[in-house]
Amino acid sequence: MQFTITQGINNCTLINSNVNKNFDLTTAVKIFKHFPKNKKQTIILSDLNLITDEINNEKNKIRFIAIGKNNKIKTNINIDFYDNVADLIKKIDTKKPYTDGIFFNNENILIAGNSELTPITERLELKSRQTKFEINLDSLAYNINYFRKKLKSETKMMCLVKANSYGIGDYEVACLMQMIGVDYLGVAATDEGVVLRKSGITLPIIVLTPEIDNLEMMIRYNLEPEIHNFRSLQAFDAACKKLGKREYPIHIKINSGMNRQGFLAEQANELIAALTKLKHVKVCSIFTHLATADKYALEQLKRFDAISAKLKSAFTHKIMRHALNSIGIEKFPEYQFDMVRLGIGMYGISDFAYKNTKIVGKFTSVITQIEKVKAGEAIGYGREGSVGKTPKTIAVVPAGYADGLNRRLSRGNTYFMVNNAKAPIIGNICMDLCMIDITEIKAKEGDKVEIFGDKPTVIEIAKTLETISYEVFTSIAARVKRVYKISI
């Protein structure tokens, strides 16, 4: 069974599924496990037979709302019945937002039924724009497992969910990773880790670029810092002492040639001496960051092997080592050490593994207007879109540079897919809109537009912009609705 997930009002998460007449409550319990534990669980039913086995504690915690009295539902679960969809919507609207009387608040809401319940979904969705970032969590799980198969059974895996999981979504991705059993999560900032903890994520989380100003917050939320210099080491030990912590896990970063952050080889003895004296922190891992994926990376790995081995030998407890990123897992499997760090590879947007992984995210919109433009006319700001000697049919798409559609893609520098045909951008991309040429395409208002995904790919877009796919994904604005799909 496939579920579609969107962000709802009042910190709710909406989970939609078109199900048949028989609804299996066990499936609902499984899908709820993918979502934060700190939210209430609610199911809205319509014209269904509720299949349930012996009631257990998990199922008793679920709130049930049914549209239409269904005498076929025979269960000892308490259900609130509404005669029709309009009555439930009226109930929602009579509860003022941001008050104690709010009807839906901080809940995972599973809407299980037919199209009759669509108005309820529309009423509860936080964002209603038709420009969407569609994320397939099944593809994400597939990609993670693709890389996992390349590892030794004892090698641990850290998955990077920094920058809102590369623009895809923080706790949605983290919940999936917690379910499929990765070992660590990696974030860039303390705030990112705090959001995950508040959402019920219990996996170990490493903060890869911690700031000294919020070390105490990091400790309170059980986040583990990367330590890259003596200043941060002393500051974190002091913070642990203040909060009464002993042997708090830290992760030592080695500069093996990236020359951005980390301890140098010549600082190894001084680092060992400093760590030996400190009583409030304990080295959990030693790692480095690769600058390239060529022969220089091999030089880095050899340097790191020597430096990290020296550090490890100075302590009696077990210390992990990790160096490989996504491409490193493919190219240098002999340097897996104790853990690898999987980032861009699992999102299916890397050049090196593109053919072996699945696309996770698609940026889509719709045609909102179609116009015939006369020969000799121009289109858009600056009159940069020239119609030429023959008339053109132009479609307007509600996506612009404020949504993450880079303005350098204007004037035919990329195309969108409309009904399996290429429609080039014409004129300049606006803040909220852009125009495409559909003169040779059979299309109508309301038709779906693929900005990037299967075609053009995000890799093609990145090459056009002379950048990397990471930037394209992370540029998709927060106002773009994220829609998640997952199968149970």
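The values are calculated or read from the model by the stated rules, or taken from the named source; none is laboratory data. The structure displayed is predicted, hence computed values, not measured ones. As a convention, Cβ positions derive from the backbone with ideal geometry for all residues, glycine included, and neighbour counts pool all protein chains shown.
Of the residues in the range 69-88, at least one is modelled with pLDDT of 90 or more, surrounded by 14 or more Cβ atoms within 10 Å (Cβ to Cβ) and in contact with a strand residue (DSSP E or B) (Cβ under 8 Å, 6 or more places away or on another chain).
With the structure loaded, tell me whether residue 170 is in contact with a Ser or Thr (Cβ under 9 Å, 6 or more places away or on another chain), among the acidic types (Asp, Glu) and touching a residue at least 40 places away in the same chain (Cβ under 8 Å) or whether it fails that test. Taking the combined requirement at face value, the residue does not satisfy it. For the range 89-119, a tally of residues being modelled with pLDDT of 85 or more, in a loop (DSSP other than H, G, I, E, B) and either over 18 Å from residue 5 (Cα atoms) or among the β-branched types (Val, Ile, Thr) (or both) returns 1. Number of residues in the range 430-472 that are part of a loop (DSSP other than H, G, I, E, B) and farther than 19 Å from residue 135 by Cβ: the value is 17.
Considering only the range 176-232, state which residues are without any contact (Cβ under 8 Å) to a residue 12 or more places away in the chain and either buried (at least 21 other Cβ atoms within 10 Å of the Cβ) or outside any helix (DSSP H, G or I) (or both). 181 - this is the single residue of the range 176-232 that is without any contact (Cβ under 8 Å) to a residue 12 or more places away in the chain and either buried (at least 21 other Cβ atoms within 10 Å of the Cβ) or outside any helix (DSSP H, G or I) (or both). Here residue 365 fulfils each of the conditions (1) among the hydroxyl-bearing types (Ser, Thr, Tyr); (2) farther than 30 Å from residue 302 by Cα; (3) modelled with pLDDT under 95 apart from (3). Before we move on, is residue 282 of a type in the set (Lys, Arg) and in contact with an Asp or Glu (Cβ under 8 Å, 6 or more places away or on another chain)? The answer is yes for residue 282.
Restricting the range 38-57 to residues that are closer than 22 Å to residue 177 by Cβ and surrounded by 14 or more Cβ atoms within 10 Å (Cβ to Cβ), the residue that is modelled with the highest pLDDT is 41.
Just one of the listed residues (145, 164, 106) is touching a Cys at 6+ places or on another chain (Cβ under 9 Å) and surrounded by fewer than 22 Cβ atoms within 10 Å (Cβ to Cβ), namely 106.
What is the residue count in the range 120-140 for residues that are assigned to a strand (DSSP E or B), among the charged types (D, E, K, R) and touching a helix residue (DSSP H, G or I) at 6+ places or on another chain (Cβ under 9 Å)?
Keep residues of the range 120-140 that are assigned to a strand (DSSP E or B), which gives 125, 132-136.
Keeping just the survivors that are among the charged types (D, E, K, R) gives 125, 132, 134.
Still in the running and touching a helix residue (DSSP H, G or I) at 6+ places or on another chain (Cβ under 9 Å): 125.
Total satisfying the criteria: 1.
For the range 196-210, which positions are under 18 Å from residue 33 (Cα atoms) and of a type in the set (A, V, I, L, M, F, W, C)? Correct list: 196, 201, 203.
Listed by first and then second residue, the pairs linking a residue in the range 259-286 that is within 18 Å of residue 304 (Cβ to Cβ) to a residue that is modelled with pLDDT under 95, with Cβ atoms under 6 Å apart and 6 or more places separating them unless they lie on different chains, form an empty list.
If you take the residues in the range 338-349 that are surrounded by fewer than 22 Cβ atoms within 10 Å (Cβ to Cβ) and in contact with a helix residue (DSSP H, G or I) (Cβ under 8 Å, 6 or more places away or on another chain), which one is farthest from residue 450 (Cα to Cα)?
First, the residues of the range 338-349 that are surrounded by fewer than 22 Cβ atoms within 10 Å (Cβ to Cβ): 338-339, 343-344.
Next, only the ones that are in contact with a helix residue (DSSP H, G or I) (Cβ under 8 Å, 6 or more places away or on another chain) stay: 343-344.
On the way: 343: 25, 344: 22 Å.
Per the criteria, the residue is 343.
Among the residues of the range 335-377, those identified as over 25 Å from residue 308 (Cβ atoms), without any contact (Cβ under 8 Å) to a residue 60 or more places away in the chain and not hydrophobic (A, V, I, L, M, F, W, C) are 355, 371, 372, 374, 376, 377. Scanning the range 365-400 for residues that are surrounded by fewer than 18 Cβ atoms within 10 Å (Cβ to Cβ) and charged (D, E, K, R) yields 371, 372, 374, 377, 383, 384, 389.
Among 269, 259, 255, 229, which is within 27 Å of residue 335 (Cα to Cα) and over 32 Å from the mean Cα position of the chain (by Cα)? Please lay out each step first, then the result.
Details: 259 fails: over 32 Å from the mean Cα position of the chain (by Cα); 255 fails: over 32 Å from the mean Cα position of the chain (by Cα); 229 fails: over 32 Å from the mean Cα position of the chain (by Cα).
None of the others qualify; the one that does is 269.
Scanning the range 233-271 for residues that are crowded, with 20+ Cβ neighbours inside 10 Å and more than 18 Å from residue 210 (Cα to Cα) yields 256, 271.
So how many residues does the range 326-337 have that are more than 15 Å from residue 295 (Cβ to Cβ) and either surrounded by 22 or more Cβ atoms within 10 Å (Cβ to Cβ) or of a type in the set (Asp, Glu) (or both)?
The qualifying residues number 3.
Quick one: would you say residue 293 is within 32 Å of the chain's Cα centre (by Cα) and surrounded by 14 or more Cβ atoms within 10 Å (Cβ to Cβ)? Against the criterion (within 32 Å of the chain's Cα centre (by Cα) and surrounded by 14 or more Cβ atoms within 10 Å (Cβ to Cβ)), residue 293 qualifies.
Filtering the range 430-449 to residues that are loosely packed, with under 15 Cβ neighbours inside 10 Å and among the aliphatic types (A, V, I, L, M) leaves only 431. Residues in the range 341-374 that are assigned to a strand (DSSP E or B) and over 19 Å from residue 426 (Cα atoms): 341, 342, 361, 362.
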